[in-house]
Structures are given as C-alpha cells and as structure tokens.
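Undergrad: Pasting in a structure now, in structure tokens, and then I'll have a few things to ask.
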Amino acid sequence: MLRKYLVAYRARSALTKNPVIRINPSFQEAKKIGILFTWEGLKKIETIQHFINELKISGKKAHVLCFLDQAEEIPSRTYNFFSPNDFNHFGSVRTDALQQFINQEFDFLFHLDTFRNIYIEYILSHSRARCRVSRYDPEKKDFYDFMIKIGENEGIEQLCRHVLHYTKSLVSHE
C-alpha cells in the first residue's frame with residue numbers, strides 16, 4: 001500500500017521537474033511510437049494488435065509495454081510487461097527494462113486504457129516522449145499533452161480508433 005502511495009507521489013512530483021519540451025508533432029513525421037496499456041484479457045490484446053498493425057502500415061515503429069497487476073495473468077508474453085514488482089518500496093523504478101522504456105524519446109506515447117493506473121501515470125510523468133496521448137480526463141490533464149474525449153460507454157476499440165484518427169490529423173506548421 002505504501003508503494004502505491006509513493007509511486008503516485010513520485011509521478012505527481014515528476015510532472016513539474018521533467019525537463020522534456022512537449023509538442024504535438026506531425027503524425028507524418030513521427031517515427032517512434034510508445035504504447036502503454038493495462039492487461040484486461042485477450043479481446044483487448046486483439047484490439048491493441050490491430051492498432052499496432054495500423055501504425056506499422058503508416059510506417060511507424062511501435063514499442064509496447066503492458067501493465068500486469070499479477071505477472072501470471074497473461075497466457076502468452078507477446079509484449080514487454082511490467083508489474084508493481086518493478087517498483088521498489090520507495091516508489092522508484094528498480095528494473096532496467098522499465099527505465100529504458102521511460103527514457104525512450106518517443107514522438108508519441110499512447111496510453112490505451114479507459115481508466116486510471118498510477119503505475120502508468122508514473123511512466124507518463126517521467127517519460128521523455130514529445131507528446132503523450134490518451135482519453136480525456138480533466139483530473140489527469142497534466143499527464144497528457146493531447147487528450148481525446150470518448151463517451152462514457154465507449155470502450156478501448158473506440159479509443160484506439162479515435163487516437164489514430166485525431167493524431168493522423170496533426171500536421172506540422174513549421
């Protein structure tokens with residue numbers, strides 16, 4: 001319980017200390033995409049895989065990281081994953097693989113969940129991504145640079161569809 005509190009505290013603290021300059025890059029110019037999501041079963045995996053395939057068709061390289069509350073939940077390890085055990089009792093990252101994901105300089109970092117996750121918020125707040133994208137949540141606006149509003153009853157399929165649609169609409173004005 002203390003770990004969760006400290007992870008949330010460190011995430012909030014990092015929002016003001018992270019020196020990365022955030023911008024909304026052009027989707028056409030973006031090359032490297034990060035994808036974060038929480039394991040919820042095979043149906044969500046199918047939706048995420050379709051999303052990744054769409055990115056590949058657009059010439060993007062996707063790096064995927066899945067949060068597992070319990071490491072034994074997932075039947076196959078298609079994606080890299082992390083769990084609360086990747087954080088020490090003081091709320092800091094303790095694995096190199098997770099730290100390497102956080103340090104990646106993504107053009108876009110997509111959080112593909114319809115709910116909050118303090119461990120993903122930690123990654124978002126420490127991330128070096130140029131633009132962090134997810135669903136609209138007014139209480140979490142500091143964690144994202146671009147938020148997309150979906151209906152309360154809409155699920156992950158609609159979120160993925162809207163994320164692709166709206167980020168593809170971003171163009172460079174330089």
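The values are calculated or read from the model by the stated rules, or taken from the named source; none is laboratory data. This structure is a prediction, so every number in the text was calculated from the model and none was measured. Backbone-built Cβ (ideal geometry, glycine too); neighbour counts: all protein chains shown. All accessible areas refer to the heavy atoms of the entire protein, side chains included, with ligands and DNA or RNA removed. Shrake-Rupley method; radii C 1.70, N 1.55, O 1.52, S 1.80 Å.
Undergrad: How many of the residues in region 80-97 are under 15 Å from residue 69 (Cβ atoms) and either touching a helix residue (DSSP H, G or I) at 6+ places or on another chain (Cβ under 9 Å) or open to solvent by less than 10 Å² (accessible area, probe 1.4 Å) (or both)?
TA: Of all residues in region 80-97, those under 15 Å from residue 69 (Cβ atoms) come to 81-87.
Narrowing the set further to residues that are either touching a helix residue (DSSP H, G or I) at 6+ places or on another chain (Cβ under 9 Å) or open to solvent by less than 10 Å² (accessible area, probe 1.4 Å) (or both) leaves 82-84, 86-87.
So the count comes out to 5.
Undergrad: Filter region 142-157 down to the residues that are under 29 Å from residue 20 (Cβ atoms) and either within 16 Å of the chain's Cα centre (by Cα) or open to solvent by 30 Å² or more (accessible area, probe 1.4 Å) (or both) and list them by number. If you could, list the steps in order and put the result at the bottom.
TA: First, the residues of region 142-157 that are under 29 Å from residue 20 (Cβ atoms): 142-150, 156.
Selection gives 142, 143, 144, 145, 146, 147, 148, 149, 156.
Undergrad: Moving on. Collect the residues in region 11-32 that are in contact with a Ser or Thr (Cβ under 9 Å, 6 or more places away or on another chain) and open to solvent by less than 90 Å² (accessible area, probe 1.4 Å), keeping them in residue-number order.
TA: Answer for region 11-32, where residues must be in contact with a Ser or Thr (Cβ under 9 Å, 6 or more places away or on another chain) and open to solvent by less than 90 Å² (accessible area, probe 1.4 Å): 11, 13, 14, 15, 18, 20, 24, 25, 26, 27, 30.
Undergrad: With 38, 95 as the choices, which residue is under 30 Å from residue 165 (Cα atoms) and hydroxyl-bearing (Ser, Thr, Tyr)?
TA: 38
Undergrad: So, in region 122-137, of the ones that are over 8 Å from the mean Cα position of the chain (by Cα) and farther than 16 Å from residue 21 by Cα, which residue ends up surrounded by the fewest Cβ atoms within 10 Å (Cβ to Cβ)?
TA: The initial filter retains those residues of region 122-137 that are over 8 Å from the mean Cα position of the chain (by Cα), namely 122, 125-131, 135-137.
Those still in the list that are farther than 16 Å from residue 21 by Cα too: 122, 135-137.
Values: 122: 25, 135: 21, 136: 13, 137: 15.
Only one residue fits best here, namely 136.
Undergrad: To continue, here is another question. Could you tell me which residue of region 158-171 is farthest from residue 118 (Cα to Cα), considering only residues that are in contact (Cβ under 8 Å) with a residue 24 or more places away in the chain and open to solvent by 50 Å² or more (accessible area, probe 1.4 Å)?
TA: Ranking the candidates gives 171 first.
Undergrad: When both residues are 6+ apart or on different chains and their Cβ atoms are under 7 Å apart, which pairs have a first residue that lies in region 1-16 and is within 14 Å of residue 123 (Cα to Cα), and a second that is open to solvent by less than 100 Å² (accessible area, probe 1.4 Å) and β-branched (Val, Ile, Thr)?
TA: Taking only residues 6 or more apart or on different chains, the pairs are 4/118; 7/118; 8/118; 11/118.
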